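Right, one structure below, let's go through it.
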Amino acid sequence: MKTRGGGELANRFLAAFNVVDHQLSALVGGQYRQSFKQQVALASRRNMYVKRYAEDLLQYADLRNVIVHTRRANAVIAEPHEEVVTELEHISKLLSNPPVIADVMTLRPRTVCKEASVGEVLRLFRKYDISRCPIVSNDGVLGLVTAKCIVKWLEAVAEENSLEEAGAKVSVESSLLVAVEALLTYSSDNEYEIVGRGVSVGEVAEIFQRGIVGGSYTQAVLVTASGERKSPLVGIVTPSDLPRLFEAEQ
């Protein structure tokens, strides 16, 4: 609904609100009989941006009712503040055309095959100043080797050495020749997640934030062509990329 008699900000607000309303209906399956509040509640479970701005959207719904129902001669009486209009337009854009992770991920990340040695991985870490590296094969993603899991593995080797006779101990040199596949048992699946390239930037940011709240630390989000483990790796996102993710949402 468009107002007459001035009200440019009100018209912008209503246009943005209509976009939001349409997107919410699409998210909940076009169930128009539900109230706006119910749609927000349902859509919050399916969309990161609705979840993030749920309280704001409910307040904007109240403001929308004031604008629409308090008119005189079809002219707007209640004019929203420009800051409010700009924020709602921003939300409507995030819902209708969300930034996707393919636009901000690091392309062609450094990877190793399962046959690569621990020494090769450590040299890769040092050369490119990284602390994590996906392990891949022709079948897709096998896991993620990190500095943390290498330390765990070395601790296990040291403990095993302490129980062995001197002649049976594993030397540092021989340890570096061990295939990186052996480290997979020391790497937790909780340290990374796999998503598709069409996943929104907000969803990926939420993965990192959820890990922090849950007391764990997400080392990386691995992006594959289809979002499945058995799919080619096309990109990676690490905690150091978070500023870029937030910038993409502006």
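A short reminder: the numbers here are calculations on the coordinates, not readings from a lab. Remember, it's a predicted structure, so these values are computed and weren't measured experimentally. Note: ideal-geometry Cβ built from the backbone for every residue, glycine included; neighbour counts use all protein chains shown.
Work out the length of the dipole vector of the range 8-97 about its Cα centre, built from +1 on the beta-carbon of each Lys and Arg and -1 on the beta-carbon of each Asp and Glu, and round it to the nearest 20 debye.
Charge dipole, the range 8-97, about its Cα centre: 480 debye, nearest 20.
So if I take the alpha carbon set of the range 8-97, get Rg, then get Rh from the Kirkwood formula, what is the Rg over Rh ratio?
Ratio of gyration radius to Kirkwood radius: 0.97.
Over 21 Å between Cα atoms: which of LYS127/LYS230; LYS51/LYS230; LYS114/LYS230 fall into that group?
LYS127/LYS230; LYS51/LYS230
Taking every pair of alpha-carbon atoms in the chain, give the share separated by more than 24 Å as a whole percent.
60
With a sphere of radius 15 Å drawn around the Cβ of LYS127, what net charge do the other residues whose Cβ falls strictly inside it have (Lys, Arg +1; Asp, Glu -1)?
Here the charged neighbours net out to +2.
Roughly speaking, what is the stretch gain from ASN190 to LEU176, that is 0.36 nm per residue apart minus the C-alpha to C-alpha distance, in nm to one decimal?
This chain segment gains 2.5 nm when fully extended.
Can you sort ARG108, ARG244 by how many other beta carbons sit within 10 Å, fewest first? Let's see the in-between values first.
On the way: ARG108 9, ARG244 14.
With the sparsest Cβ surroundings first, the list reads ARG108, ARG244.
What does the helix-only formula give at 222 nm for the chain: each DSSP H stretch with n ≥ 4 adding -39500 (n - 2.57), the total divided by the residues, and the result rounded to the nearest 500 deg cm²/dmol? Walk me through the intermediate numbers first.
Working: 10 runs with 116 residues, N = 250.
Calculated from helices alone, the mean residue ellipticity at 222 nm is -14500 deg cm²/dmol.
Based only on other Cβ atoms within 10 Å, what is the fewest-to-most ordering of CYS113, CYS133, CYS149?
Ascending number of Cβ neighbours within 10 Å: CYS113, CYS149, CYS133.
What is the magnitude of the charge dipole of the chain about its Cα centre, with +1 placed on the Cβ of each Lys and Arg, -1 on the Cβ of each Asp and Glu, and no other charges, expressed in debye to the nearest 20?
1020
Whole-Å semi-axes of the range 103-248's equivalent ellipsoid, largest first, each the root of 5 times a Cα gyration tensor eigenvalue?
Three semi-axes, in Å: 31, 16, 13.
When the chain is treated as a GNM, springs tying every alpha-carbon pair under 10 Å, which of GLU206, GLU191, GLU173 comes out with the largest mean-square fluctuation?
The residue that fluctuates most here is GLU173.
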